[in-house]
Amino acid sequence: MKIALIGDLHYPSKNGVTKPIEQKILQARDEFFPYFLNQFFSEQVDFHIALGDLTNFGKADEYKEVYQFIRQYDSNFVHVIGNHDLYQMGYDAVQDFTKQKPYDFMEKDGAIYVRLATARELSPDNYGGSLDDQQLLWLEKIIHQSRTKPVIIFAHHPLVDTTKFSNRDMYSIDPAIDMWSILSQKKGKGFYLNGHTHVNDIRKKEQWNFCQCCAVMDFPSIRILTIEAGQISFSTKEILLSERMKENLLILKNGVEAFVSEPNASEITSIRELTVCF
Ligand SMILES: [Fe+2]
């Protein structure tokens, strides 16, 4: 099994958040995003996964345009829903558009793959994560039933006090929700992949490995997850940029409203690779 992953894409609307974006930002957008998405979907993998905040403000035109790119490719695309993806519409409306349930799981070749829904609906003022009791019970059941098979979770928000910045206010799943009491019941290895904080990081806590992906505009890169022969590996592929693309990125980082750029997003941790046997 091979999976290509990206962190927060924040594809912005030409109408901006509070005012239309300037012509130079529009031009930068229309040059950078098709280029980056083409690189992403050129990866020969079983699944392409976006770890949430695919859209910048959850606007209908952002969904329409970004999915127009995505649907050009013959790919199994998985959209983990981020807080920004739900600023204008709720899970039901997003599901109608994406044709994907908010959360689900599958078992393949002896590993369990879980996609969580951690974002709150229509709640730009509270961008932290949350899971209702129903989803928590569902997750706990999966963890139990997985026994010693590896479990790989894809979520937008990290668990508090795991990866870099996950201890900041609203940068994690609500710390009042004791996710660790569920995950720590896992027998065998667990992997948790997330976005949201806009910085790269890899941490280990007991049987779990936490891999966090930064925002695309801060460090255009694709993460590759390979699961085979009793081994899981996580690696980082930096996207080569022409001088023109670098200028486009600067314009976007400084000009896209509601996008929080993290300086040195890729440099906070020097660890970009991880291999674990299970
Ligand atoms: Fe984000």
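Please treat every number below as a calculation from the coordinates, not as lab data. Because the structure is predicted, anything quoted here is derived from the model rather than measured. A quick note on method: Cβ atoms are made from the backbone with ideal geometry, for glycine too, and the neighbour counts reach across all protein chains shown.
What ranking of ASP8, ASP61, ASP96 emerges when the number of other C-beta atoms within 10 Å of each C-beta is taken as an exposure proxy, fewest first? Let's see the in-between values first.
Values: ASP8 29, ASP61 13, ASP96 9.
Placing the least packed residue first, the sequence is ASP96, ASP61, ASP8.
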* Determine the alpha carbon to alpha carbon distance for each of LYS2/LYS64; LYS108/LYS189; LYS2/LYS59 and list only those over 22 Å. => LYS2/LYS64; LYS2/LYS59
* Asked: For LYS204, which aspartates and glutamates qualify as cross-link partners when the Cα separation must be under 15 Å and same-chain residues fewer than eight apart are set aside?
  -> ASP161, GLU273
* To do: In debye, nearest 20, what is the charge dipole magnitude of the chain about its Cα centre with +1 on Lys and Arg Cβ and -1 on Asp and Glu Cβ, if you could check?
  => 600 debye
* Asked: For ASP61 and ASP96 in the same chain, what is the full-extension length gain: residue separation times 0.36 nm, less their Cα-Cα distance, in nm?
  -> 11.1 nm
* Residues in segment 209-223, backbone N under 18 Å from the label point at LEU250 (7 Å along the Cα-to-beta-carbon vector): list them, ranges by number please. => 217-220
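Using the Cα gyration tensor of segment 102-253, with a ≥ b ≥ c the square roots of its eigenvalues, what is the shape: rounded (a/c below 1.5), prolate (a/b larger than b/c) or oblate (neither)? Mind showing how you got there, number by number?
Details: a/c = 2.15, a/b = 1.34, b/c = 1.61.
The shape class here is oblate.
Compare the peptides 133-145, 166-178 by average per-residue count of other Cβ atoms within 10 angstrom and give them in order, highest first.
In decreasing order of mean packing, 133-145, 166-178 become 166-178, 133-145.
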* Among rounded, prolate and oblate, which fits the chain when a ≥ b ≥ c are the square roots of the eigenvalues of its C-alpha gyration tensor, a/c under 1.5 means rounded, and a/b larger than b/c means prolate? -> prolate
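Could you tell me whether segment 76-152 comes out rounded, prolate or oblate from its Cα gyration tensor? Rule is a ≥ b ≥ c as square roots of the eigenvalues, rounded for a/c under 1.5, then prolate if a/b exceeds b/c, otherwise oblate. Intermediate values should be presented prior to the final figure.
Values: a/c = 2.68, a/b = 1.71, b/c = 1.57.
Note, shape of segment 76-152 comes out prolate.
May I ask for the percentage of alpha-carbon pairs in segment 189-229 that lie more than 16 Å from each other? If you can, show how the numbers build up before the last one.
On the way: 335 of 820 pairs.
Here the tail beyond 16 Å accounts for 41 percent of pairs.
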* Say the dipole of the chain comes from +1 at the beta carbon of Lys and Arg and -1 at that of Asp and Glu; which of HIS196, THR55, PHE154 then lies farthest toward its positive end? -> PHE154
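Just rank GLU107, GLU65, fewest to most, by other beta-carbon atoms within 10 angstrom. Mind showing how you got there, number by number?
Numbers: GLU107 13, GLU65 19.
By the 10 Å Cβ count, ascending, the order reads GLU107, GLU65.
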* Structure fact -> Once both label points are put 7 Å beyond Cα along the C-beta direction, the TYR73-ASN167 separation in nm becomes 3.7 nm
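Using Cα pairs closer than 8 Å and at least 6 residues apart in sequence, work out the relative contact order for the chain, in percent. Write out the running numbers ahead of the final one.
Numbers: 615 pairs, mean separation 57.2, N = 278.
After rounding, I find 21 percent.
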* Spin-label pair THR226/GLU43, simplified geometry with 7 Å Cα→Cβ offset, distance in nm -> 1.3 nm
* Asked: Taking springs between alpha-carbon atoms closer than 10 angstrom, which of GLN100, GLN23, GLN88 fluctuates most in the Gaussian network model of the chain?
  -> GLN23
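At a Förster distance of 41 Å, what's the computed FRET efficiency of ASP104 paired with GLN23, Cβ-Cβ distance as r, to 0.05? Before the final figure, lay out the partial values.
Details: r = 41 Å, r/R0 = 1.00.
With R0 = 41 Å, the Cβ-Cβ based efficiency is 0.50.
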* Hey, rough spin-label estimate for LEU137 and ARG272, points 7 angstrom out along Cα→Cβ, what's it come to in nanometres? -> 4.5 nm
